[in-house]
Amino acid sequence: MYRRPLQSAVRHVVNATASRAAHRKALDQESCFARALVTCQQYRVSTPCLTQCRTLHITAQLYSVKETPQHTEEEVGAFTKLIEAMGFTGPLKYNKWKIKIAALRMYTSCVERVNYDEFFEKCSLPDTLNSWFLVAQLHVWMCLVRMRQEGRAGKYMCRYIVHSMWEDVEQRSKIMGIDANHRKEAMKMMTETFYAAIFGYDEGILSDDSVLAAALWRNLFNRQCEDPRQLELMVEYVRKQMQYIDALDGEDLLLTGEVKWRPLVEENAQSILKVVTPTYNDTGL
């Protein structure tokens with residue numbers, strides 16, 4: 001019993017001392033913070049900022065294949081918008097069967113009017129189905145870039161160019177005797193390769209030659225090109241082909257699909273001439 005008053009007194013003294021110490025510490029911190037704030041403000045006013053900010057590289061320049069006026073979107077009715085939102089194709093300015101035939105002809109030009117043996121030799125590519133596909137998809141991509149400029153009809157044609165390509169690849173794999181399981185796996189791999197290549201080539205054609213060369217190194221050479229002259233040759237080839245087919249008349253391409261490719265190696269690299277205007281009958285054939 002005798003310890004309780006003593007413990008209460010001691011506890012009271014300790015609490016009071018701790019309270020005064022905490023209050024004094026808080027006052028010291030506030031005064032210290034105030035002095036530091038005033039000093040910092042005075043320094044900020046009297047002394048210029050010594051930290052240099054990193055300048056960001058910002059440019060408004062846009063790269064394009066050719067400085068031509070962009071095609072305006074076609075005005076379509078509410079019904080056409082509705083059925084196209086459902087996944088169907090509305091009426092086009094040309095008959096759809098004509099566009100399908102032109103798409104098949106354009107894909108055929110990518111296969112029959114390209115000297116694949118020359119590509120295999122100049123680019124050191126093995127003579128295989130995969131190498132043939134890599135060269136073919138490059139030319140198909142150039143056709144897609146050109147036809148996407150022709151509005152809804154051009155986009156409809158692009159769909160059947162790609163469809164014709166996959167039909168041809170499957171038929172060639174069957175002729176080579178590839179069994180169904182391996183053919184399915186190969187088609188899946190080629191599909192992934194094709195769409196990845198499209199993104200890479202699109203970026204390359206809208207950028208400088210180094211970006212295009214990187215896309216060709218990844219997709220055409222399959223990361224196995226050690227000769228920079230081969231990359232230079234292919235960059236020049238893609239640039240001149242894009243310039244060439246971009247000068248072709250869009251109406252003729254939609255009705256005929258005829259493309260005569262420039263040779264891989266030109267005697268005169270500056271001679272990019274427009275071919276003779278193709279002829280077709282009243283039905284567009």
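Could you please find all residues in the range 206-235 being open to solvent by 80 Å² or more (accessible area, probe 1.4 Å), in a helix (DSSP H, G or I) and touching a residue at least 24 places away in the same chain (Cβ under 8 Å)?
Within the range 206-235, just Asp209 meets the criteria.
So, restricting to helices (runs of 4 or more DSSP H) that lie completely within the range 92-197, which ones have at least 2 residues that are of a type in the set (A, V, I, L, M) and at pLDDT 90 or above?
Once the helices (runs of 4 or more DSSP H) in the range 92-197 are filtered for at least 2 residues that are of a type in the set (A, V, I, L, M) and at pLDDT 90 or above, what remains is 96-112, 129-147, 151-175.
Quick grid of which residues meet (1) open to solvent by 80 Å² or more (accessible area, probe 1.4 Å); (2) of a type in the set (Gly, Ala, Ser); (3) in contact with a Gly (Cβ under 6 Å, 6 or more places away or on another chain); (4) closer than 16 Å to Asn130 by Cβ:
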site: Ile175; (1), (2), (3), (4): yes, no, no, yes
site: Lys184; (1), (2), (3), (4): yes, no, no, yes
site: Met190; (1), (2), (3), (4): no, no, no, yes
site: Gly204; (1), (2), (3), (4): no, yes, no, no
site: Gly257; (1), (2), (3), (4): no, yes, no, no
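Is there a residue in the range 138-150 that is surrounded by fewer than 16 Cβ atoms within 10 Å (Cβ to Cβ) and either closer than 15 Å to Phe221 by Cβ or in contact with a Lys or Arg (Cβ under 7 Å, 6 or more places away or on another chain) (or both)?
Kept after step one, since they are surrounded by fewer than 16 Cβ atoms within 10 Å (Cβ to Cβ), are these residues of the range 138-150: 148.
Narrowing the set further to residues that are either closer than 15 Å to Phe221 by Cβ or in contact with a Lys or Arg (Cβ under 7 Å, 6 or more places away or on another chain) (or both) leaves 148.
Checked the range 138-150: at least one residue is surrounded by fewer than 16 Cβ atoms within 10 Å (Cβ to Cβ) and either closer than 15 Å to Phe221 by Cβ or in contact with a Lys or Arg (Cβ under 7 Å, 6 or more places away or on another chain) (or both).
The values are calculated or read from the model by the stated rules, or taken from the named source; none is laboratory data. These numbers were taken from a predicted model, which means no experiment stands behind them. All Cβ positions, even for glycine, are placed from backbone atoms using ideal geometry, and neighbour counts span all protein chains on display. In case anyone asks, the SASA skips ligands and DNA or RNA and just uses the protein heavy atoms, side chains included. Shrake-Rupley method; radii C 1.70, N 1.55, O 1.52, S 1.80 Å.
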